[in-house]
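Enquirer: My questions will all concern the structure given below.
The values are calculated or read from the model by the stated rules, or taken from the named source; none is laboratory data. Values in this document were obtained by computation on a predicted structure and should not be read as measured data. So basically every Cβ, Gly included, is an ideal-geometry build from the backbone, and we count neighbours across all protein chains shown. Side chains included, ligands, DNA and RNA excluded: accessible areas come from the protein's heavy atoms. Shrake-Rupley method; radii C 1.70, N 1.55, O 1.52, S 1.80 Å.
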Amino acid sequence: MNVKTLFLNNKAMEEVGVLDMASTIRDVEKVYRLFDSGDVISPGKCVLRWGKTPEDENVYGRINAMPGFIAGEFDMAGIKWIGSGPMNYKKGLPRASVTVILNDPETKLPVCFADGTEVSTMRTGASGGVAIKLLSREDASVMTICGAGAQAPTQFEAAKIARPGIKKLYIYDIRPENAERFAGKVREKYPDVEAIATGDIESAARDSDIIDCVTLASEPFIKGEWLKKGSLVMNMADYEVDRDCVRRADKIVCDFWESIKHRMISTVALMWRDGLVKDEDIHAELGQILNGKKSGRENENEIIYFNAVGAGILDIAITARCYKKAIEKGIGTNLDFWE
Ligand SMILES: NC(=O)c1ccc[n+]([C@@H]2O[C@H](COP(=O)([O-])OP(=O)(O)OC[C@H]3O[C@@H](n4cnc5c(N)ncnc54)[C@H](O)[C@@H]3O)[C@@H](O)[C@H]2O)c1
């Protein structure tokens, strides 16, 4: 018996279109819809955490396992296995490293091992883009990104696809050199955008239609009183926004509410734990809006709070698209799984 499996490293993944944001947004939307219609199996994250408290993981690191199966055109099972080494930067390494294993849903055998590091930043950007498309003002022109790390470029790329009218971008980072570096890249890639690295987060937030948080902060630094009418505040990571941001929101929207509660580290999850937010206070998940069961933004004045925790099914869907392309084009390294 000989069973082969395909290995796709970062270069192979790029050759088969992992950096195609428009396709990634389409995949992510399909996954949200399939999740809402019950056509996935998504048992949630298992967190292998170093340190004693959930806060410790942003110092000592973690590896998360996120298995899943996704039906529809994807018809693929698998697992995302994502390591996070917050101190990796001291060694010149990225914080996150991702392996995706795809399994045939019928035989359950592994058909592909892929570098999913870019898959992960692309799908997180795409998730932000879908939220922006559904929840921000159509005329949104000013955005703030908090956290100029690995997620920031794809957050902005997807935001510009969803809202091409964004003309001003504030970038705030606890390490100002990161904000400066990212601002330089934005100016190069988007000449129509005024990119401003800033240490004054209050003024930036007060001026913004969209505030997108992708930091490793362990204390909130965005205050609800700063949010302007009609703004969208995006809690893509954990702790950046205070409880007043949620209290002031006319709508609370998320990607996967049960997973957010299970993970229990974002602002809205902690408020739910403390009895300050109830299940019925969650206006919608993105899939319900995409499937037409719930509304997105309804007027120019409402403040919307969005929280995303992510799920392995997003990465599995995108990797499945890349895997199918790799088979078609003969890209990647065939390995003998069983000789
Ligand atoms: N929702 C999702 O699906 C999803 C997916 C991937 C990553 N994330 C989260 O996004 C966050 C960022 O991920 P990344 O890969 O870009 O990490 P990264 O380490 O590459 O970048 C993080 C950036 O945040 C900055 N930062 C850290 N603490 C800060 C603070 N208190 N205030 C302002 N800036 C601060 C760092 O200097 C760095 O530039 C992480 O918390 C990660 O867990 C969420």
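Enquirer: Does segment 304-324 contain any residue that is surrounded by fewer than 17 Cβ atoms within 10 Å (Cβ to Cβ) and part of a helix (DSSP H, G or I)? Even if it seems obvious, please write down each step before you answer.
Expert: From segment 304-324, those surrounded by fewer than 17 Cβ atoms within 10 Å (Cβ to Cβ) are 324; that's our starting set.
Subsequent filtering for residues that are part of a helix (DSSP H, G or I) retains 324.
Looking for residues that are surrounded by fewer than 17 Cβ atoms within 10 Å (Cβ to Cβ) and part of a helix (DSSP H, G or I), one finds at least one in segment 304-324, hence yes.
Enquirer: Please verify whether Lys133 is touching a residue at least 24 places away in the same chain (Cβ under 8 Å) and buried (at least 21 other Cβ atoms within 10 Å of the Cβ), treating the condition exactly as stated.
Expert: So Lys133 passes the test.
Enquirer: What is the residue count in segment 270-297 for residues that are under 26 Å from Lys229 (Cβ atoms) and either open to solvent by 60 Å² or more (accessible area, probe 1.4 Å) or over 16 Å from the mean Cα position of the chain (by Cα) (or both)?
Expert: 18
Enquirer: Run down Arg321, Arg248 and say which single residue is away from the ligand (no atom under 14 Å from the Cβ), touching a Phe, Trp or Tyr at 6+ places or on another chain (Cβ under 9 Å), touching a residue at least 12 places away in the same chain (Cβ under 8 Å) and closer than 28 Å to Pro220 by Cα.
Expert: Arg248
Enquirer: Sticking with this one: Which helices (runs of 4 or more DSSP H) sit wholly inside segment 6-84 and have at least 2 residues that are out of contact with any His (no Cβ under 7 Å at 6 or more places or on another chain), open to solvent by 70 Å² or more (accessible area, probe 1.4 Å) and of a type in the set (Lys, Arg)?
Expert: So the answer is 21-36.
Enquirer: Against the definition (within 15 Å of the ligand (Cβ to nearest atom) and either surrounded by fewer than 21 Cβ atoms within 10 Å (Cβ to Cβ) or in the same structural domain as Ile252 (by TED's automatic domain parsing) (or both)), how does Arg181 come out, yes or no?
Expert: Yes: the conditions hold for Arg181.
Enquirer: Could you identify the single residue in Thr198, Thr154, Thr144, Thr215 that is closer than 30 Å to Met264 by Cβ, within 16 Å of the ligand (Cβ to nearest atom) and open to solvent by 20 Å² or more (accessible area, probe 1.4 Å)?
Expert: Thr215
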